[in-house]
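First comes the structure, then the notes that go with it.
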Amino acid sequence: MSLSSALPIDAVLPALRAALAERHEVVLEAPPGAGKTTRVPLALLDEPWLAGQTIVMLEPRRLAARAAAERLASELGEQVGETVGYRIRLDSRVGPRTRIEVVTEGILARRLQDDPGLEGVGLVIFDEYHVLPFAR
């Protein structure tokens, strides 16, 4: 994976990988523009503990979900719907090879109702947590 220029979050990615391998839950806080949205899912994609399962990343707004998926896919040199896809109200671009799904709150809530164990999902990332309704 060849990522664009270095971002501040890059320095903590090894520690993040180690923490998730050991504890399976982490809170990561960094200023806007540090690279949390665009670096973390890609950095974790091939981790052994993920065992090929999907990463679901929650974004608070449809526009942000679509933009995050587009940026992640572009970092991989792919189109949205290949390794990285999104599911938002009235629109979905995922495929059989999709391993990172960027979703909105309503999509995740519905998925949890249908599948409380989130079968096939190895990691859920709550991006922009501070603006999500249940975080207030």
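Observations
- Gyration tensor over alpha-carbon atoms, segment 8-135, equivalent ellipsoid semi-axes in Å: 20, 16, 16
- Mean separation of Cα contacts under 8 Å (6+ apart) over length of the chain, as relative contact order %: 25
- Think of it as helices only: each DSSP H run of n ≥ 4 in the chain is worth -39500 (n - 2.57), and spread over all residues that comes to -10000 deg cm²/dmol at 222 nm.
- DSSP assigns beta bridges within the chain; of those with both partners inside it, close to 20 percent run antiparallel.
- Remark on Ile125: its backbone amide H falls under 5 Å from those of Val56, Met57, Leu58, a criterion applied only to residues 5 or more positions apart or on other chains, H modelled at 1.01 Å from N.
- For segment 60-133, Kirkwood radius (reciprocal of mean inverse C-alpha pair distance, Å): 12.6
Bear in mind that the values in this text are calculations on the coordinates, not laboratory data. Bear in mind the structure is a predicted one, so any value in this text is a computation, not a measurement.
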